[in-house]
Amino acid sequence: MAYPEPGVYRMWYSSRVRRMPGRSERGGARPGALEDGGKRVPAIFYRTEAGGEPVRGWLKEMPAEDRKRIGEDVKTVEFGWPIGMPVCRPLGGGLFEVRTSLARNRIARVLFYIDARGRMVLLHGFIKKDRRTPQYDLDLAKSNRAKHQGEFDD
């Protein structure tokens with residue numbers, strides 16, 4: 001199963017992501033992307049072998065206001081990569097998290113990595129309940145990354 005080329009897939013926070021002129025064949029950020037308003041790392045959803053997209057499903061279950069806030073933070077990383085705290089934090093081993101504060105003192109995290117094609121692959125999303133990121137969530141993101149790398153980074 002292959003991911004569609006950038007510009008073909010539909011994103012949940014924008015009507016359509018268009019292929020940008022001058023983008024390299026590998027899909028990475030092109031030089032000068034920030035100056036003319038382009039994405040530095042386009043976001044894609046990790047897709048399971050069965051065709052499901054866990055992060056997209058998780059987002060669809062959330063209230064519209066929460067989806068909007070998370071989408072804005074993902075978009076901030078797409079256009080501002082590399083970006084640091086408070087929006088994005090490295091977790092080590094090539095994993096990063098998008099950090100979003102939601103209403104009612106809730107905290108959402110979307111774990112991702114940057115693949116060989118220069119895309120931001122959204123691996124796993126969850127609402128944080130403890131101070132530390134749960135090991136289960138880190139392990140799941142690492143597992144999803146290994147599966148994605150095995151299929152697409154060859």
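None of the figures in this text is laboratory data; all of them are computed from the coordinates on show. Keep in mind that this is a model prediction, so the values were computed, not measured. When we count neighbours, we look across all protein chains shown, and the Cβ atoms used for this are built from the backbone with ideal geometry, even at glycine.
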Taking the range 48-133, how much of its Cα-Cα pair set, in percent, is spaced more than 20 angstrom apart? 31 percent
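Cα-based Rg of the range 102-145 per 2.2 N^0.38 Å, rounded to two decimals? Let's see the in-between values first.
Numbers: Rg = 11.9 Å, N = 44, 2.2 N^0.38 = 9.3 Å.
My calculation over the Cα atoms of the range 102-145 gives 1.28.
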Under a point spin-label approximation (7 Å from Cα along Cα-to-Cβ), what is the Ala64-Asp139 distance to one decimal in nm? 3.9 nm
